[in-house]
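The values are calculated or read from the model by the stated rules, or taken from the named source; none is laboratory data. Values in this document were obtained by computation on a predicted structure and should not be read as measured data. Cβ coordinates were reconstructed from backbone atoms using ideal geometry, including for glycine residues, and neighbour counts include every protein chain displayed.
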Amino acid sequence: MNPLLAQFLAEANDLLASVDDGLLQLERNPGDPELVNEVFRAAHTFKGSSGLFDFPELTRLTHAAEDLLDAVRGGRLALDSGMADDLLAAFDLIRGWLAHVTAHERLPATAGQDAAGLITKLRAPLGGETVATDQGQEPSAVRRIDPPPEWLAPLGTEWLIETAAWLSTTASTLRFVRYLPDQDCFFRAEDPLHLVRQVPGLDRMTVIRPEQWPPREEYDEYACLLSFVVATRASTGELEYLFRYVPDQISIVELDGAAINRHLEGEEAEDLETVPAAAPDALHVDARLAADARAVLTAAHRTLAVGEPTGTQLLALIGSVTSAALALGVPLDLTGADREAVNAAVEGVLGRAPIEPAATPPAVDHPVLAALAAPPAATPAGAPADLPAARADDPGGQVGTRVLKVDQEKVDRLMELVGELNVAKNGLTFLAAAAEEEFGSRALSRRIKDQYSGMHRIAEELQAAVMDVRMLPLSVAFGRFPRLVRDLSRRLGKTIELVTEGDDTMADKDVIEALGDPLVHLVRNSLDHGIETSDERIAAGKPGTARLTLAAVADGDAVLVEVSDDGRGVDPMRVKRKAYEKGLISEEELESLSDTEAVDLVFRAGFSTADQISDLSGRGVGMDAVRASVEKLGGTVTMRSELGSGTVTRLRLPLSMAVTQVMVVSVAGQRFGVPVDLVVETVRVPAAEMGRVLHQDVVVMRGEVVPVIDLARALQMPWAPDDSRDRAVLIVSVNGQRVGLLVEQFHREVDVILKPMEGLLAYADEFSGTALLGDGLVLLVLNLKEVLGLAARAA
Amino acid sequence: MPLELHDENASLIGVVTVDEVEQLVGWLRSSQRPRVSLRRCNHLHTGALQALLLFRPKISAAPKDAFLAAQVLPLLTGAGGDTSRQGNEPP
Amino acid sequence: MTRVLVVDDAATVRLYHTSLLQEAGFEVAEAANGLEAVEAAMTTPFDLFVVDVNMPKMNGYACVETLRSETVGTAAPVLMISTEDRPGDADRAYQAGANLYMVKPVDAERLVRVATMLTSGKGPAA
């Protein structure tokens, strides 16, 4: 992909996020000028950048959005939720387009059609400027480009140059109308200016005055002496309709950039002949360069008319005039010239009659040139007191810090390399053991171990640094909710205020990403089932507006995320009855379960309390899915609820899941990893002390009976413990329960990068992933919950 | 009333129609240093625009109307306002 | 080597202008807003500035005014390139000290042509 387009897509992504965010905030604080300005700027940047590509629909749509936002910014319109809906829809459409652009590097074929309705809607509050059923959307083969008429000139060379460039870049056209009203049209109750102001999509209007005004005494105010040239985006059909009563007084042409350039070149060639004879080369000057040079001179002329350049500004003006004149083949020496002299020189080169200086009288000779002779003292950095200071509360205010945008894949690659480094580093411990055991050199073994610990420290720091790069604020995960809550609450007819807390809490990007779906589910659940309608709330003596809070807080190496609402809460009795009806709990449990345990039942597979399934939560996915996906991340989920006053669901997730510490054990000569988090302790128990209760091997530890599972049997591996040796039992804690795993041997703990199971093993639930060990072997890491399930089935 | 005329100051208010043009021209002819406020003007008839272009009063207040402000005001105040010369100079 | 400072808050537009000018043989530095541009200009002399209008922190007009003021004091030519095409915008640019006001997107050849013209003092080499 062309790098410019790649840059645009990356920038567009950021812009879309800030537009969404800004619009939602705006709805809450409609008056906030800072917010309006932010959204406007994003739309504006979008429009400007989109013009660099052949995406005319994108430019048109963002232009319409920008115009609407500009009206809001200027206080001419108040943003209502209908407009916000249309704006959000427009940017949603753009988001879809950009996905298409990412894949195909062009807009979808339906873009023009899709945009048309939205553009009309966006323009409606601005007085419903009808959007041209645009020629731009017709296949270009059908488009008729007229030869450029002479009467374009009054639009101004500079404007024509710029417009031609724009039309060429966007491969679009403009319609130009010349309107020569009859002299006596006023008597027919015609008002040409009124007609012109009704031209839709008016881009530029210019009024042509008579070559010669009559003397004031003889002026007949009822004779129309003016005529008009107009550039518009409206279609020819629209224009013909508008001017239907004066068809003989108008000419309409459709021109593209090339046609306008032909006009300019023709004009320039003529104009160049008027350049003073001192320029023999003039006719050989590239017409386009000549046009540019004239534009610079025109700019200088204008500058002298509207301002009083002095000092460096005048010096710069002289510089640009000299360069431009030279480009036209007119060498000028304006060293030390004052404004009047520069003005005269400019007019000379442009071939214009000198005009009376503008209302401001020429100032008496400024001592500027003397001042210019001395180079301006460079002010030391930090000194400029007149620079507007960045707002203190502006989060982007730290000028100078460069934020590097890095492709996510590169960070992932770095993480992988850190993992491989860890693995290579772990290899040293094998080497140390070999040095001692195979070569009998304890000294060498020690030196290798020293090297290892040095590398270990660096590898750990490197890992921490990379992990830090991967950290993202929770605001990334929370970002989608303002929109979601807004849309859903409107559909449900509930009034809900969303509050987020701890948005700046950081967690690994994988955690943030994986958090998305469970959070959406919890929030939808809250909106759908937890929060009552305003009427119900008021009847229950609560404020009509419900409150939904998303909060995050760091807790050691974990992050806690809570979704809480002040809705109706979970009724433990109802949950228990439902669970009983569905056969999830026994009659005994129906009686004995505490309220807390009852609430926890909602996480059971196949449980759903909603009597009727709404279209929001959908069918089939329940809270059990939330628990499963959170547990897959190595986290836990719990729910507290008080009937009538609300529900809090708390997710506890590891801050990072890139590196896992595992304890290596082996059975039947095969090594397995067990996440260290789950390991309580390792014990060796004489065979004779193993007990048996109800067909279950147990071990008694400090008075507690701990069931022991034979890992080999659970995994169906051929191995039986040697009765002459002590039993190696790994005590783990799963779901708050202590369980012993009977293994053949304990090995060391290692840091591994866990990779998901792939290929044939992908369906083997008893493993949570694979990791590469230092000696090149692949380690299977156990999913203990599943292993316990297997053991229970095997028993 | 679309026209509020004083000795040297005038305000054009609302929609100035062809019926007001004669009165406006009379005032422009008689006034020494006419100044015209367009602030509250929403539209002016081509005849009125033409008169302003010929007599070139000083515009004392810009119109609030978007079309007049964007397209018409520059004609009345801009550098292209030199009446003696170019009939076809870009505004 | 002719040094140009491209000032624009839109990264895509910045990249567009930068790569056009680099291909034409200019040495290009970038700034994302007026304030950055002023800071850059205080430490490094530039032969040309290409400045956007609508930018956060310090807009193009203020930026050009500051470049021309004693704070920076550069007489290097300034091109202002804006998406705005409203009457009066060009005048504001000229009053601030710009030497040419152009409307986005600027034709690639034209940008290079104007930049070359304004920095060489001799027009293009050819």
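Residue by residue through region C:56-90, note down the ones that are part of a loop (DSSP other than H, G, I, E, B) and more than 8 Å from chain A (Cβ to nearest Cβ).
C:59, C:84, C:86, C:87, C:88
Evaluation of residue A:532 against the conditions (1) in a helix (DSSP H, G or I); (2) buried (at least 16 other Cβ atoms within 10 Å of the Cβ); (3) of a type in the set (Asp, Glu) shows that the sole unmet condition is (1).
Can you tell me which residue is farthest from residue A:42 (Cα to Cα) among those in region C:5-55 that are among the β-branched types (Val, Ile, Thr) and more than 11 Å from chain A (Cβ to nearest Cβ)? Walk me through it before giving the result.
So the first thing to find is which residues in region C:5-55 are among the β-branched types (Val, Ile, Thr), and the list is C:6-7, C:12-13, C:18, C:28, C:38, C:43-44, C:50-51, C:53.
In the following step, the residues that additionally are more than 11 Å from chain A (Cβ to nearest Cβ) were identified as C:6-7, C:28, C:50-51.
Values: C:6: 19, C:7: 17, C:28: 25, C:50: 21, C:51: 18 Å.
Only one residue fits best here, namely C:28.
Taking the criterion of being in contact (Cβ under 8 Å) with a residue 40 or more places away in the chain and within 10 Å of chain C (Cβ to nearest Cβ), the residues of region A:308-354 that qualify are A:308, A:310, A:311, A:312, A:314, A:315, A:327, A:328, A:329.
Could you say whether any residue in region A:406-420 is of a type in the set (A, V, I, L, M), assigned to a loop (DSSP other than H, G, I, E, B) and modelled with pLDDT under 80?
Of the residues in region A:406-420, the ones of a type in the set (A, V, I, L, M) are A:406, A:411, A:414-415, A:417-418.
Those left that are additionally assigned to a loop (DSSP other than H, G, I, E, B): A:406.
With modelled with pLDDT under 80 added as a condition, the list becomes A:406.
Yes; the residues of region A:406-420 include at least one that is of a type in the set (A, V, I, L, M), assigned to a loop (DSSP other than H, G, I, E, B) and modelled with pLDDT under 80.
The residues of region C:91-111 that are facing chain A (nearest Cβ under 7 Å) and of a type outside the set (Phe, Trp, Tyr), listed by number, are C:91, C:95, C:97, C:99, C:100, C:102, C:103, C:104, C:105, C:106, C:107, C:110.
Just to be sure, is residue A:707 at pLDDT below 90, surrounded by 14 or more Cβ atoms within 10 Å (Cβ to Cβ) and outside the structural domain of residue A:431 (by TED's automatic domain parsing)? It is false that residue A:707 is at pLDDT below 90, surrounded by 14 or more Cβ atoms within 10 Å (Cβ to Cβ) and outside the structural domain of residue A:431 (by TED's automatic domain parsing). If the condition is being at pLDDT 85 or above and either charged (D, E, K, R) or assigned to a loop (DSSP other than H, G, I, E, B) (or both), then region A:552-576 contributes A:562, A:565, A:566, A:567, A:568, A:569, A:570, A:571, A:574, A:576.
For region A:197-207, the set of residues classified as without any contact (Cβ under 8 Å) to a residue 60 or more places away in the chain and under 21 Å from residue A:162 (Cα atoms) consists of A:202, A:203, A:204, A:205, A:206, A:207, listed by residue number.
Provide a single number: the residues in region A:24-39 that are polar (S, T, N, Q) and either surrounded by 15 or more Cβ atoms within 10 Å (Cβ to Cβ) or within 13 Å of residue A:87 (Cα to Cα) (or both). Write out each step before concluding.
Kept after step one, since they are polar (S, T, N, Q), are these residues of region A:24-39: A:25, A:29, A:37.
Retained after the next criterion (residues that are either surrounded by 15 or more Cβ atoms within 10 Å (Cβ to Cβ) or within 13 Å of residue A:87 (Cα to Cα) (or both)): A:25, A:37.
Number of matching residues: 2.
So, in region A:222-247, of the ones that are aliphatic (A, V, I, L, M), free of Cβ contacts under 8 Å to residues at least 60 places away in the same chain and not in a helix (DSSP H, G or I), which residue ends up nearest to residue B:21 (Cα to Cα)? Lay out the reasoning, then the answer.
Of all residues in region A:222-247, those aliphatic (A, V, I, L, M) come to A:223, A:225-226, A:229-231, A:234, A:239, A:242, A:246.
From what's left, free of Cβ contacts under 8 Å to residues at least 60 places away in the same chain: A:223, A:225-226, A:230, A:242.
This time we only want the ones that are not in a helix (DSSP H, G or I), so: A:223, A:225-226, A:230.
Numbers: A:223: 11, A:225: 14, A:226: 15, A:230: 24 Å.
So, considering only residues that are aliphatic (A, V, I, L, M), free of Cβ contacts under 8 Å to residues at least 60 places away in the same chain and not in a helix (DSSP H, G or I), the one nearest to residue B:21 (Cα to Cα) is A:223.
Filter region A:7-38 down to the residues that are among the acidic types (Asp, Glu) and in contact (Cβ under 8 Å) with a residue 24 or more places away in the chain, then identify the one that is farthest from residue A:105 (Cα to Cα).
As a first pass, look at region A:7-38 and keep what is among the acidic types (Asp, Glu): A:11, A:14, A:20-21, A:27, A:32, A:34, A:38.
Narrowing further to those that are in contact (Cβ under 8 Å) with a residue 24 or more places away in the chain: A:11, A:20-21, A:27.
On the way: A:11: 15, A:20: 24, A:21: 27, A:27: 34 Å.
Among those residues, the one meeting the criterion is A:27.
Scanning region A:1-56 for residues being aromatic (Phe, Trp, Tyr) and more than 11 Å from every other protein chain (Cβ to nearest Cβ) gives a total of 1.
Okay, residues lined up against (1) in the same structural domain as residue A:566 (by TED's automatic domain parsing); (2) at pLDDT 85 or above:
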| site | (1), (2) |
| --- | --- |
| A:452 | no, yes |
| A:480 | yes, no |
| A:489 | yes, no |
| A:494 | yes, yes |
| A:505 | yes, yes |
| A:510 | yes, no |
| A:523 | yes, yes |
| A:528 | yes, no |
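Within region A:184-221, the set of residues being within 7 Å of chain B (Cβ to nearest Cβ) and either aromatic (Phe, Trp, Tyr) or assigned to a helix (DSSP H, G or I) (or both) comprises A:186, A:192, A:193, A:194, A:197, A:213, A:216, A:219.
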